[in-house]
1. Kindly evaluate residue 243 against the criterion of being within 30 Å of residue 52 (Cα to Cα), touching a helix residue (DSSP H, G or I) at 6+ places or on another chain (Cβ under 8 Å) and surrounded by fewer than 24 Cβ atoms within 10 Å (Cβ to Cβ).
2. Suppose we filter 372, 322 for residues that are in contact (Cβ under 8 Å) with a residue 24 or more places away in the chain, surrounded by fewer than 17 Cβ atoms within 10 Å (Cβ to Cβ) and in a helix (DSSP H, G or I); which single one remains?
3. Can you report the number of residues in region 253-268 which are touching a residue at least 12 places away in the same chain (Cβ under 8 Å) and in contact with a strand residue (DSSP E or B) (Cβ under 9 Å, 6 or more places away or on another chain)?
4. Return yes when residue 148 is surrounded by 22 or more Cβ atoms within 10 Å (Cβ to Cβ) and not in a loop (DSSP other than H, G, I, E, B) and no when it is not.
5. Restricting attention to helices (runs of 4 or more DSSP H) lying wholly within region 25-95, give those where 3 or more residues are touching a residue at least 12 places away in the same chain (Cβ under 8 Å), touching a helix residue (DSSP H, G or I) at 6+ places or on another chain (Cβ under 9 Å) and surrounded by fewer than 21 Cβ atoms within 10 Å (Cβ to Cβ).
6. For residues in region 118-142 being in contact (Cβ under 8 Å) with a residue 40 or more places away in the chain and under 27 Å from residue 42 (Cα atoms), which is surrounded by the fewest Cβ atoms within 10 Å (Cβ to Cβ)?
7. Residues 119, 214: which one is touching a helix residue (DSSP H, G or I) at 6+ places or on another chain (Cβ under 9 Å) and modelled with pLDDT of 95 or more?
8. Consider residue 4 carefully, then state whether it is surrounded by fewer than 22 Cβ atoms within 10 Å (Cβ to Cβ) and part of a helix (DSSP H, G or I).
């Protein structure tokens with residue numbers, strides 16, 4: 001076994017760290033306070049080739065694999081989870097186009113994402129549909145050579161800043177089987193009947209844009225169908241191992257960022273005539289934080305390797321990594337605030353922002369409870 005990153009991966013890690021230190025850290029608090037999307041930072045990231053790193057070379061992307069992408073995500077989130085999500089999600093939903101899209105769709109939609117000229121999203125969840133994806137009720141009906149789409153999508157990342165979305169719709173309500181009759185359709189945000197209502201007041205990741213999408217008789221051409229009609233749900237499920245590994249990498253970054261800030265503060269803050277890091281109670285907290293962050297990283301990297309190599313245990317590992325890394329993120333963020341004491345309760349330091357940002361990793365891309373159900377299912381070889 002070789003636990004070392006390659007020379008290219010180490011270089012990638014260092015470049016992302018430098019970018020984060022120079023472009024993200026100085027403005028993170030501002031974008032969080034104002035709940036503002038960081039277009040300027042996104043533009044700079046595009047120049048560095050950090051947007052949608054999974055997009056293939058032939059469509060302007062970097063062509064990174066899942067492990068490389070996990071390294072990038074970890075470093076971005078260690079700097080600031082809110083802006084980190086903005087940068088890592090500009091191509092959210094692009095996996096469907098890469099895998100199932102036509103050549104025309106790839107050229108039209110992937111290239112502007114990679115260059116930073118467009119932002120996309122995946123529209124799956126609805127006001128009444130979260131973990132139970134098969135309950136999606138948004139309808140798409142054929143009218144001549146167009147699809148007519150009606151429905152609401154909720155909690156959509158990039159919802160009010162996105163240029164287009166891969167929307168999961170019900171196209172055949174009479175299809176047999178719970179998972180049949182769904183399709184993925186590309187919907188541009190400038191279509192008549194498309195409305196995005198930005199969601200404000202979020203506990204965390206405030207720089208990242210989240211919105212409710214309202215689709216009122218939105219018409220798109222039939223060629224906007226991604227992949228095979230009626231197979232959209234099954235197409236969507238193929239990417240959860242990859243996207244959940246990505247959220248695990250987010251958790252690792254948050255856990256790492258919180259542990260690093262806690263250590264720095266413990267070395268600087270003095271009480272009773274010496275740094276609080278000299279006290280055993282604080283030392284134990286720091287030891288646990290860094291140990292569990294390292295464990296989460298190794299599990300996440302193994303999951304990423306498993307996805308890249310189509311390993312037979314990839315679904316189990318992806319859910320294990322997502323559940324453990326997100327739990328570690330929340331725990332480390334909590335301990336970071338505790339070590340900061342009263343200073344951790346205000347936004348003079350990053351501790352309180354990491355505390356707020358960490359929780360979402362236990363919710364999106366499948367809640368903690370869903371991950372445990374998947375792990376148990378995989379262990380027993382049974383379905384739900």
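1. yes
2. Among 372, 322, only 372 is in contact (Cβ under 8 Å) with a residue 24 or more places away in the chain, surrounded by fewer than 17 Cβ atoms within 10 Å (Cβ to Cβ) and in a helix (DSSP H, G or I).
3. 1
4. no
5. Helices (runs of 4 or more DSSP H) meeting the threshold: 39-48.
6. Among them, the one singled out is 118.
7. Just one listed residue meets the conditions, 119.
8. In short, no.
The values are calculated or read from the model by the stated rules, or taken from the named source; none is laboratory data. Fair warning: this is a prediction, and the values are worked out from it, not measured in the lab. Here the Cβ is made from the backbone with ideal geometry for all residues, glycine too, and neighbour counts use every protein chain on show.
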